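One structure below.
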Amino acid sequence: MPPAERLADAAPAAESFLAELASPDRGPITADDVAVVVAHPDDETIGCGAHLCRLRGSSIVLVTDGAPRNLVDARAHGFATADAYAAARDLEIRRALALAEVAPHQLVTLGVPDQQAARRLAGLTRRLAVLFSARRIRTVLTHAYEGGHPDHDAVAFAVHAAAALLGRRGHVVSIIEMPFYHLGACGMVLQRFATPIGSHAIEIKLSDAQMLLKRRMVAAHATQQVVLRMLSIEAERFRPAPQYDFATPPDELLYENHAWGMTGARWRTLSAAALRTLGLGDGMCRSRS
């Protein structure tokens, strides 16, 4: 199935899901065919934590272990090894998900080392395609392609590429994206979409109960409080994902200002190689306009 046709088929399902998510009654949603695919422990809380308890039966897919191998973050939080730091972050996400009434079996951890997802794009894509097929996933909530963190962009790539592979077999996956952070004209922009491409975004204002839940989930990620305290807990934002040119990085790259092991040039090399390996060179490289 060509990508344009896949997006056309997926668009109504994405719009329908978002309408249900934003419904005034805010009741439970049967979500056995929904996956939330995020890069790091705490991304699930940032992106859609207040709504996770409504997505009954959803799969939460955590791509990285949250522990960079350079040990800078591990040592800053008092851990001598990356494994010890990863174990702490694993416990944090499980505590956060428990608050949202997400059962342990709903969490799938892929164990990619933090900051290394972009080096494993083809393999990660195939793993997600197998997972989506096995669990009959029809809707995925994931990262926007925004140039904030290389792991975030790698996860966005892999979700879109997995959907493209499955689309060839008639398995249509609707992708809904969530904003995390990106580089703006005056510095880092939090929880706002970088560009108004594709369908318009929706902003769901959280109720007092939802804000309390999100606040408790944020607190569960004890090692990440320096970052998390900068974030708003008053609303969550979503939109149907547009079709991206993943061979080209976003215009502004926040990650080039950090020692996260990625540059725009390196991204171009890695993404182009993965697209060739996956046989998606023509199917994924499209304009972002």
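Fewest-first ordering of Asp25, Asp251 by other beta carbons within 10 Å of each residue's beta carbon gives Asp25, Asp251.
Counting every other Cβ atom within 10 Å of each residue's Cβ, Cys48, Cys186 order from fewest to most as Cys186, Cys48.
If a spin label sat at a point 7 angstrom from the Cα of Met188 along the line to its beta carbon, the backbone N atoms of segment 251-272 nearer than 20 Å would be those of 251-264. With Cβ to Cβ distances under 12 Å as the rule, what net charge do the other residues near Ala219 carry (K, R +1; D, E -1)? Once all neighbours under 12 Å are counted, the net charge is +3.
In this simple spin-label model, placing a label point 7 Å from the Cα along the Cα-to-Cβ direction at both Ser16 and Ala87 gives a separation of 4.6 nm.
The Cα trace of segment 134-289 gives Rg and Dmax of 16.6, 48 Å, the first to one decimal, the second as a whole number.
For segment 3-284, what is the relative contact order in percent, using Cα pairs closer than 8 Å and at least 6 residues apart in sequence? Write out the running numbers ahead of the final one.
Numbers: 515 pairs, mean separation 61.6, N = 282.
Over segment 3-284, the number comes to 22 percent.
When only Cα pairs below 8 angstrom with a gap of at least 6 residues are kept, segment 112-243 shows a relative contact order of 23 percent. Mean silhouette area of the chain, derived from the convex hull of its C-alpha atoms and averaged over all directions, reads 13.5 nm². Per Stokes-Einstein, at 10 °C and 1.306 mPa s, what whole-number D in µm² s⁻¹ belongs to segment 7-57, with the Kirkwood radius over Cα pairs as the hydrodynamic radius? D = 132 µm²/s.
Quarter the surface of the alpha carbon convex hull of segment 143-204 and you get the mean projected area, 4.8 square nanometres.
Ranking Trp260, Trp267 by Cβ neighbours within 10 Å, fewest first, what do you get?
On the way: Trp260 17, Trp267 25.
Ordered by Cβ neighbours within 10 Å, fewest first: Trp260, Trp267.
With N residues in segment 53-132, what two-decimal value do you get for its Cα radius of gyration over 2.2 N^0.38 Å? Could the numbers behind the result be given before it?
Values: Rg = 14.0 Å, N = 80, 2.2 N^0.38 = 11.6 Å.
Working it through for segment 53-132, the quotient is 1.20.
In this Cβ point-charge picture (+1 for Lys and Arg, -1 for Asp and Glu), the chain has a dipole of about 500 debye about its Cα centre.
A cut-off under 14 angstrom between Cβ atoms defines the neighbours of Ile93, and their net charge, with Lys, Arg +1 and Asp, Glu -1, is -3. Taking packing as the residue-averaged number of other Cβ atoms within 10 angstrom, the listed peptides 123-131, 95-103 run from highest to lowest as 123-131, 95-103.
Of all beta bridges DSSP finds with both residues in segment 3-284, what is the antiparallel percent, to the nearest 5? Antiparallel: roughly 35 percent of the beta bridges in segment 3-284.
Every number in this text was worked out from the coordinates using simple rules, so none of it is lab data. As the structure is a computational prediction, the values presented were derived from the model and not from experiment. Counting neighbours? That spans all protein chains shown, and the Cβs are built from the backbone with ideal geometry, glycine included.
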